[in-house]
1. Round to the nearest 0.05 the FRET efficiency obtained for Ala353 and Arg45 when R0 = 30 Å and r is the Cβ-Cβ distance.
2. Given the options Thr143, Thr87, Thr214, which has the most mean-square fluctuation in a GNM of the chain, springs set between C-alpha atoms less than 10 angstrom apart?
3. Classify the stretch 219-363 as rounded, prolate or oblate, taking a ≥ b ≥ c as the square roots of the eigenvalues of its Cα gyration tensor: rounded when a/c is under 1.5, otherwise prolate if a/b is larger than b/c and oblate if not.
4. For the chain, modelled as a GNM with alpha-carbon contacts under 10 angstrom, which of Glu326, Glu281, Glu123 fluctuates the most?
5. So what's the gap between the Cα centers of the stretch 122-161 and the stretch 306-363, to the nearest angstrom?
6. Please work out whether the stretch 1-149 counts as rounded, prolate or oblate from its C-alpha gyration tensor, where a ≥ b ≥ c are the square roots of the eigenvalues and a/c under 1.5 means rounded, while otherwise a/b larger than b/c means prolate and anything else oblate?
7. Once the other residues with Cβ under 14 Å from the Cβ of Val279 are scored (Lys, Arg +1; Asp, Glu -1), what is the net sum?
8. Distances over 16 Å make up what percent of all Cα-Cα pairs in the stretch 125-190?
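The values are calculated or read from the model by the stated rules, or taken from the named source; none is laboratory data. On a predicted model such as this, the values are computed, not experimentally measured, just so you know. Cβ atoms come from the backbone with ideal geometry, glycine included; neighbour counts cover every protein chain shown. These area figures cover heavy atoms from the full protein model, side chains too; ligands, DNA and RNA do not enter into them. Shrake-Rupley method; radii C 1.70, N 1.55, O 1.52, S 1.80 Å.
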Amino acid sequence: MVVEQLWQPVPGGSGTYIREIAAALAARGDVALRAVRASGPDGDRHGLPVDVPLQASHLPRAALYEAWTRLRAPRVPGPRPQVLHATTWAVPPRSAPLVVTVHDIAFRRNADHFTPRGVAFFERALAVTRRDADAVVVPSIATRDDAVAAGIDPDRVHVAPHGVTALPVDDAAAASFRSRHGLTRPYVMWCGAIEPRKNLGVLLDAFARLVGDTDLDLVLVGPDGWGGAADELRARRAALPADRVHVLGSVPWPELHEAYAAARVFCFPSLWEGFGMPVLEAQAHGVPVVTSLGTSMAEVAGDGAVLVDPLDADDVAAGIRAAAGERHDDLAAAARANIVGYTWERSAEQHMAAYRAALGRAS
């Protein structure tokens, strides 16, 4: 299993996926995991289970990724595996039946949301996946449809939704979070890397429509990304009352869950995601969600969400009003009911089915 994403500066949802699926697979007892990463200093395993052996390539990340996508070399270090699982677009050469996780193909929907270098890398990795993968794991039906449209054989595509892990947060911890950040009013929360497809501009426009006649604040959690989205955020924030928008940046995992638990509403109007894990994380704390129609988030959110047009600030504002107001309690109950079906144990079983299919196809 390639786990290099865990050492990226911003591992994001892919990093969470790798940690959680590795732990769930290792706990089964019927699969022996071996993890592979690029060269680098020993030490922090970034949440990888301690009983999973970790081997490093001789190449650093950038050189390894380029060699894998352009030269299809070197092979992963160590003994030849029975199944080789590329958990992101970093796809090693096929030294065993190959499984590739495709989190999304968003770069095909709007290349402007990514760097040109990133798009070129993704396209090369997509071509490798089409040609070499014996099985492709996707987290949602929406991503399955995109993968098939991008030319991946539908018979090789396996839908394995993510699970959700939520740290318990009691009332005292939620109150402490509010106090530390000066949050005296109920708030709408958003989280993620600040990048164009996250659609923060529309969220801020929607919030501008709420400031005058609600007591809601807006809390944004996550690191700066790319594509000028952070600059746009600063410009739009300047037009809003300074005490109503709180930009917290990256926070530790426990504090992220305190932020969810203390929120009145979670709003995630992303233009496209492969899965949208923050939606389920918020729902696990009983927080009503406002998210985008026609996306994977709508697919996984069940009845615990208000679905809106992410390009219409008025519709997003109306969704937030409903979720914070008359529909709040019903949505909160539906959110907690929805997350019961999303477990990493179930996802691990679906991954095992993909591994078996890859072995069968290659035999």
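1. Details: r = 27 Å, r/R0 = 0.91.
Efficiency computed from Cβ-Cβ geometry: 0.65.
2. Evaluated over the chain, the most mobile residue of the options is Thr214.
3. Details: a/c = 1.96, a/b = 1.55, b/c = 1.27.
In terms of gyration-tensor shape, prolate.
4. Judging by the Gaussian network model, the answer is Glu326.
5. 20 Å
6. On the way: a/c = 1.45, a/b = 1.32, b/c = 1.10.
Here the stretch 1-149 falls in the rounded category.
7. Values: positive: Lys198, Arg336; negative: Glu273, Glu281, Glu299, Asp303.
So the environment of Val279 carries a net charge of -2.
8. On the way: 1345 of 2145 pairs.
Cα-Cα pairs of the stretch 125-190 separated by over 16 Å account for 63 percent.
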